[in-house]
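S.K.: After the structure tokens below, expect a handful of questions from me.
The values are calculated or read from the model by the stated rules, or taken from the named source; none is laboratory data. Remember, predicted model here, so these are calculated numbers, not experimental data. Cβ coordinates were reconstructed from backbone atoms using ideal geometry, including for glycine residues, and neighbour counts include every protein chain displayed. Heads up: the accessible areas ignore ligands, DNA and RNA and are worked out on the full protein's heavy atoms, side chains in. Shrake-Rupley method; radii C 1.70, N 1.55, O 1.52, S 1.80 Å.
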Amino acid sequence: MSEPSTATTTPTRRGLLGALTVLLGGAIAALASVPVLGSLFSPLRAQPRTGSGDAPIPVGNVSEFPVGVPRRVELIRSVTDAWSRSEATTVGAAWVTRHADGSFTALSTICPHLGCGVNMDKQRGLFACPCHTSAFAMDGKFLEGPAPRGMDPLRVEVRGKEVLVHYQRFKQGVPGMEEV
Ligand code: FES
């Protein structure tokens, strides 16, 4: 009487275990790659959150703005592009004035001539651009120089005690305000 042969069963079991290991490993790798792939491709669906038309930017409490004196504020927000998110990025600046009747106005600091930063000249009581000597009244109206128009007004909102500025950029070197 002959012994039952194990030579044919052992390789079959090994083969089965090997196949199961490969299948299990493949399944784990596939599951693990889902979040990675998701993070790689989801930014393609994300929209940029900066630029014209976005949510207004908080610039401070009402009490931080003295009446009748323009205050320069940085316009800061988080910026998200297709692949990255950076916190607290300065996207622009504005001269914000609180008026006696409680209303607020804001002027973009970008000179409408060629884009230099417009400063306040306290002694002369006006805004002045250091690049080509354009000058503007305290309400932003054009006074003199090569600038083709006055300073660009930005919309201001007051929510409770918080002052917010709607950030917009306009074309330089043209007489009218054309949003870019
Ligand atoms: S950039 Fe302001 S006057 Fe030219």
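S.K.: Give a quick list of trypsin sites (Lys or Arg not before Pro) in region 62-134 that DSSP marks as loop, anything other than H, G, I, E or B, with at most 13 other Cβ atoms within 10 Å.
M.R.: Numbers: sites: Arg71, Arg72, Arg77, Arg85, Arg98, Lys122, Arg124; in loops: Lys122, Arg124.
Passing sites in region 62-134 are Lys122, Arg124.
S.K.: Quick one: which of 107-120, 129-142 comes out on top by average Cβ neighbours within 10 Å, and what's the full order, highest first? Don't skip to the end; give the middle numbers.
M.R.: Values: 107-120: 20.0, 129-142: 16.9.
Listed from highest to lowest mean packing, they are 107-120, 129-142.
S.K.: While we're looking at this one, here's another question. Residues of region 144-180 with amide nitrogen under 20 Å from the 7 Å Cα-to-Cβ point of Arg124?
M.R.: It comes to 144-153, 173, nothing else.
S.K.: Enumerate the calculated ³J(HN,Hα) couplings along region 117-124 in order (Karplus 6.51 cos²θ - 1.76 cosθ + 1.60, θ = phi - 60°), each rounded to whole Hz, writing x wherever the residue is Gly or Pro.
M.R.: 3J(HN,Hα) across region 117-124, in whole Hz: x, 8, 9, 8, 9, 4, 4, 8.
S.K.: Next up: Once both labels are modelled 7 Å past Cα along the beta-carbon direction, what's the Thr89-Ser103 spacing in nm?
M.R.: The modelled label-to-label distance comes out at 3.4 nm.
S.K.: Leaving ligands, DNA and RNA out of it, work out the accessible area of Leu143 with a 1.4 Å probe and give it in Å² to the nearest 10.
M.R.: Leu143 has an accessible surface of roughly 90 Å² with all protein chains in place.
S.K.: Oh, and also: Residues of region 99-113 with backbone nitrogen within less than 16 Å of a virtual label 7 Å along the Cα-to-Cβ line of Cys131, please, listed as ranges.
M.R.: 108-113
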